[in-house]
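Just so it is clear, none of the values below were taken in a lab; they were calculated from the coordinates. Just so it is clear, the model here is predicted, and its values are computed rather than measured. Because the Cβ atoms are built from the backbone with ideal geometry, glycine has one as well, and the counts that use them run over all protein chains shown.
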Amino acid sequence: MVAVEGDITLDGPLVYEGAAPLTIIGNGQTLSLSQNATILTAANGADLTVHGLTLSGPGGFDIENRGDTDGAAGKGIFVDVRDDQTGTVRLTLSDVTVEDTAGHGIHVSDCSLADDCGGGGGGAGEGSDASISVVLSNVIVQNVGYGRFDADGLRVDERSIGDISLAAVNASFIGVGADGAELDEGQAGDVIVHVTGGSFASNGGYCDPELLSAFMPAEPEGEFDEGAVHEADIPSPITGTPDDGCFEREVGTYDDGSVEEYEFSIDVDDGFDIDEAGDGSIRAVIIGASITNNLDEGLDYDEEGAGGMELTLIGTTASGNTDDAYKTSEEDEGAVIGTAIGLSATDNGGVGVVFEEEDGGDVAVAMIGGATSGNDDGETGVEIVQEDDGMGLATLIGADIADGSEIEGVDVSEM
């Protein structure tokens, strides 16, 4: 055991090569690293516990001053899971702040593709048989992820058969370049979340729309009759920008190969994003959290493959998000079960609350109390949809939906 008083300016990154659990206990000190490098790494999947420290990178990053042009973008805390690991890998942080890093603030990776693992569905890469547990108490992650594309405040990549579990009390993700928090379960395994308090605020702005809108084509979208337009006739992928990865280009075609529609967009990010693809479900409880001013959705949960979605929202507030405040989408035959008690969704650019089942699963939603207003230009506060053959039931008890609702394939009971 080594005792050190006062703040510490590091000469270089801290790397722990052991496999035995490591505990670091601070007394409110700051560990500062002026290099663009990962501050603290557990390189062999060791359980890591940190208490009472601030980990501070050099800061000053943005899309025009990137941290990945001549090497990897540095992170705050990185746990790299071994390929042969089993059991549960545990990261426990209390009274910890992570700030001013170019890459992820906190990253736990059980993915053979490392930083190229990517987010969303698809399940690319391989992983160990281990599960991942992250426990956060009084944690702040701020001003990270502005030195490379898709760098999150908290990022967990899990592949193979393990689960992801997140338990967070008063954890805040503020001013992150990509998602405030992203949990990416790419193959078999569940995502289990319990969040109490804390905030997800002003995240997703690395791909700065004010800067990048100048590179968008004059006609960013179009729809055409069959045979009228071919791909050579529409705008090509965007290049020559500060980061070409910030632009999404989607092209739909008819059977004859002609273009049916195309659309360009700038890839901004969410407050709290979960993607589960494969055999597994998402089960999340969010209590008393604040979800505000994120550049895409506030909360964005997507599940595909075998498994379903269970989301409970109690006393949460969401406002000022550019797209939907709370969005859950189930792409296959799993059920969507939603409970919202005392929820608030106000003045969001998209819908206030979305529960969506796109295939044959059932939908069961209960909203008790709470209120929505000013969402989707005042058009839609609540959207509950069963698009296919499943059954749907929504129970609304004392909910004040001032901006209206869109209900499809779902029976509604109001009390």
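Before moving on, here are some points about what is shown:
- Under a model in which nothing but the beta-carbon of Lys, Arg (+1) and Asp, Glu (-1) is charged, the range 219-266 shows a dipole of about 280 debye around its Cα centre.
- Rg and Dmax over the alpha-carbon atoms of the chain stand at 21.7, 73 Å.
- For the range 1-85, the alpha carbon positions stretch 40, 38, 18 Å along the principal axes, listed from largest to smallest.
- Ordering 281, 134, 315 by the projection of their Cα atoms onto the charge dipole of the chain, which places +1 on the Cβ of Lys and Arg and -1 on the Cβ of Asp and Glu, puts 134 at the extreme positive end.
- The chain, dipole about Cα centre (Lys/Arg Cβ +1, Asp/Glu Cβ -1), debye to the nearest 20: 2980 debye
- Amide H contacts of residue 361: 334, 390, each under 5 Å away and 5 or more positions distant or on a separate chain (H built 1.01 Å from N in the peptide plane; Pro and chain starts excluded).
- Rounded to the nearest Hz, the phi-derived 3J(HN,Hα) couplings of the range 175-192 under the Karplus curve 6.51 cos²θ - 1.76 cosθ + 1.60 (θ = phi - 60°) are x, 8, x, 10, 5, x, 9, 9, 10, 10, 9, x, 9, 5, x, 9, 10, 10, where x marks glycine and proline.
- Furthest towards positive pole of dipole, 264, 228, 254, structure part the range 219-266, Cβ charges: 264
- One compactness figure for the range 219-266 is 1.21, namely its Cα radius of gyration divided by 2.2 N^0.38 Å.
- When shorter helices are ignored and each DSSP H run of at least 4 residues is given -39500 (n - 2.57), the per-residue value for the chain at 222 nm works out to 0 deg cm²/dmol.
- Result for the chain in a Gaussian network model with C-alpha springs under 10 Å: among 286, 24, 337, the largest mean-square fluctuation is at 24.
- Listing 156, 385, 50 from fewest to most neighbouring C-beta atoms within 10 Å gives 385, 50, 156.
- Highest-fluctuation residue, 245, 404, 45 considered, GNM on the chain with Cα pairs under 10 Å: 245
- Considering only alpha-carbon pairs that sit under 8 angstrom and 6 or more positions apart, the relative contact order computed for the chain is 9 percent.
- Distance between the range 234-278 and the range 342-361 - C-alpha centres, whole angstrom: 23 Å
- Equivalent-ellipsoid semi-axes for the range 280-329 (Cα gyration tensor, √(5λ), whole Å, largest first): 21, 14, 6.
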